[in-house]
Amino acid sequence: MHVIGDVNRKTCIMVDDIVDSGGTLCNAAAALKEHGATEVYSYVVHGVLSGEAVARIEKSAMEKLVISDSIAATDAMKKSSKLEQLTVAPLIGEAIKRTSGEQSISALFG
């Protein structure tokens, strides 16, 4: 892992589209902490979290991993102190409503 930029005494936020094993995020969080980051948070759209991913994240340097509920949470995910799952239902509902009403969806993301 190569850290680009000065993260010393900074709160770092990592953003990704999908997390499966969690290895890359956990390694990146460790690298940021080794370079002086005070806190590391991760935000990911799709949390697959297969195998030992939840246990790996629990032991990681991340303060929190926030994922959407685009994939149903397992029992291990629900019990994790470092995982938070946010719902996308209102956003999808509004997109459907706007589509059926022939309104702009892009306004949702502006």
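Of the residues in region 89-108, not one is acidic (D, E), in contact (Cβ under 8 Å) with a residue 12 or more places away in the chain and under 26 Å from V3 (Cβ atoms).
Restricting attention to region 14-48, the residues being small (G, A, S) and farther than 18 Å from A73 by Cβ number 7.
Just so you know, all these numbers are worked out from the coordinates, no wet-lab data involved. Because the structure is predicted, anything quoted here is derived from the model rather than measured. Neighbour counts run over all protein chains shown; Cβ positions are idealised from the backbone, glycine included.
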